[in-house]
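A.B. asks: I am attaching a structure below and will ask some questions about it afterwards.
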Amino acid sequence: MGHKHQAARKATVVLSDEQVATFREKGYVAIPQMAPPDEVASLRDIFDRLFDQKAGRAEGAQFDMVSHDEDGDVPSLPAIINPVNYAPELRHIQFRVNALAIARQLLGPTVTQAFEQAILKPAWQGAATPWHQDEAARTDPNFDYNQISFWMPLQEATVDNGCMHFIAGSHEGGILPHRSPGNDPKIPAIECAGGFNPDEATPCPMAEGCASVHHGRTLHYAGPNQTAIPRRAYILAFEVPPKPSSEKRDFYWNGAKQTAFIARQRRWRRSGGILIEIGRKAQMGVWRSPGRIVFEARRAFRALTKRR
Ligand code: NI
């Protein structure tokens with residue numbers, strides 16, 4: 001039934017040649033009307049519920065990006081990895097259908113969804129998201145990644161409430177060195193350690209229902225929330241199945257992490273969560289893409305044989 005329902009929705013957005021050219025040149029582009037207003041309103045309610053209920057926290061899927069994230073702490077940048085696992089109604093939304101259609105337009109027919117994320121910047125106290133490149137957060141650097149992320153605010157995004165900022169053209173270079181904020185490996189977020197000029201950033205304010213799409217190498221940042229309204233954002237990430245890379249890279253900033261959420265994730269996996277995880281990947285369609293299956297197998301093998 002679910003699949004029939006999904007098939008009933010058709011993409012309502014197509015990128016123009018000009019928008020595609022902007023994405024290729026700048027590494028990001030803003031897209032109007034990615035989701036209808038009633039959908040955005042219901043997403044706000046779903047997100048508020050998931051964050052209130054601390055959905056996924058015990059599994060290591062909900063955590064604060066910018067603190068030690070101990071139980072009872074008040075988070076200033078809480079995030080949920082794959083919120084669809086805790087709210088199945090997120091499966092059949094127009095935003096997802098439109099994002100997939102545009103992902104195919106930009107990366108070709110082998111594209112699959114990689115992951116998704118819910119982010120909340122609480123009113124007045126929502127912290128800035130440090131400058132970073134998404135690819136720098138990948139746990140295994142020895143693959144060639146070609147990934148894009150759609151970022152949709154669930155209310156208007158302004159400079160005051162923490163809209164996105166991008167460095168145009170930064171996707172053309174490699175991955176710059178990153179670090180944990182304050183060099184504290186207990187903090188989940190990563191920040192770019194330099195090699196770019198934040199003064200060259202372009203703020204990207206957006207109306208409700210709009211989204212931006214950026215490449216995995218495009219440097220980006222979102223400011224703190226200095227308003228009375230919570231700033232929520234929904235991220236859908238897509239990629240071409242990654243292939244082993246001939247270039248040797250070291251994302252040492254990830255290897256050094258000692259975060260509470262990864263400890264919770266390990267505990268949950270060991271106590272049977274791993275089986276739930278395999279089922280969830282099936283629901284995301286991972287096992288329907290041959291390229292994706294090969295990648296998942298290679299990644300699992302590399303993780304098992306890695307010396308720590
Ligand atoms: Ni990012």
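The values are calculated or read from the model by the stated rules, or taken from the named source; none is laboratory data. As the structure is a prediction and not an experimental result, all values here were calculated from the model. So basically every Cβ, Gly included, is an ideal-geometry build from the backbone, and we count neighbours across all protein chains shown.
A.B. asks: Of the numbered conditions (1) under 23 Å from ARG231 (Cα atoms); (2) more than 13 Å from the ligand (Cβ to nearest atom); (3) touching an Asp or Glu at 6+ places or on another chain (Cβ under 9 Å), VAL159 fails exactly one; give the number of that condition.
C.D. replies: (3)
A.B. asks: Anything in region 195-220 that is farther than 13 Å from ILE167 by Cα and away from the ligand (no atom under 16 Å from the Cβ)? List them, or say none. Don't jump to the end; show me each part of the working.
C.D. replies: The first filter runs over region 195-220 and keeps only residues farther than 13 Å from ILE167 by Cα, leaving 205-213.
Answer for region 195-220, where residues must be farther than 13 Å from ILE167 by Cα and away from the ligand (no atom under 16 Å from the Cβ): PRO205, ALA207, GLU208, GLY209, CYS210.
A.B. asks: How do the helices (runs of 4 or more DSSP H) wholly within region 1-84 filter down when requiring 3 or more residues that are modelled with pLDDT under 95: which remain? Don't jump to the end; show me each part of the working.
C.D. replies: Numbers: elements: 2-8, 17-26, 37-52.
Result: 2-8.
A.B. asks: Yes or no: ALA137 within 16 Å of the ligand (Cβ to nearest atom) and either free of Cβ contacts under 8 Å to residues at least 24 places away in the same chain or surrounded by fewer than 21 Cβ atoms within 10 Å (Cβ to Cβ) (or both)? Before you say what the answer is, go through the steps one by one.
C.D. replies: Working: within 16 Å of the ligand (Cβ to nearest atom): yes; either free of Cβ contacts under 8 Å to residues at least 24 places away in the same chain or surrounded by fewer than 21 Cβ atoms within 10 Å (Cβ to Cβ) (or both): yes.
For ALA137, the condition - within 16 Å of the ligand (Cβ to nearest atom) and either free of Cβ contacts under 8 Å to residues at least 24 places away in the same chain or surrounded by fewer than 21 Cβ atoms within 10 Å (Cβ to Cβ) (or both) - is met.
A.B. asks: Would you be able to tell me the number of residues in region 93-111 that are under 15 Å from MET284 (Cα atoms) and either touching a Gly at 6+ places or on another chain (Cβ under 7 Å) or polar (S, T, N, Q) (or both)?
C.D. replies: The qualifying residues number 1.
A.B. asks: Is one or more of the residues making up region 105-121 touching a helix residue (DSSP H, G or I) at 6+ places or on another chain (Cβ under 6 Å), assigned to a loop (DSSP other than H, G, I, E, B), in contact (Cβ under 8 Å) with a residue 60 or more places away in the chain and surrounded by fewer than 17 Cβ atoms within 10 Å (Cβ to Cβ)?
C.D. replies: yes
A.B. asks: Here is a further query. Going by what's in this entry, would TRP131 be described as touching a strand residue (DSSP E or B) at 6+ places or on another chain (Cβ under 8 Å), under 25 Å from ASP64 (Cβ atoms) and surrounded by fewer than 20 Cβ atoms within 10 Å (Cβ to Cβ)?
C.D. replies: Numbers: touching a strand residue (DSSP E or B) at 6+ places or on another chain (Cβ under 8 Å): yes; under 25 Å from ASP64 (Cβ atoms): yes; surrounded by fewer than 20 Cβ atoms within 10 Å (Cβ to Cβ): no.
Answer is no for this residue.
A.B. asks: Out of PHE261, PHE295, report the one residue that is within 20 Å of the chain's Cα centre (by Cα), crowded, with 16+ Cβ neighbours inside 10 Å and within 18 Å of TYR86 (Cα to Cα).
C.D. replies: Details: PHE295 fails: within 18 Å of TYR86 (Cα to Cα).
Checking each option against the conditions leaves just PHE261.
A.B. asks: Mind telling me which of the residues PRO188, PRO153, PRO177, PRO130 ends up being under 26 Å from ASN98 (Cα atoms) and in contact with a Phe, Trp or Tyr (Cβ under 9 Å, 6 or more places away or on another chain)? Quick ask: steps written out before the conclusion?
C.D. replies: Values: PRO188 fails: under 26 Å from ASN98 (Cα atoms); PRO177 fails: under 26 Å from ASN98 (Cα atoms); PRO130 fails: under 26 Å from ASN98 (Cα atoms).
It is PRO153.
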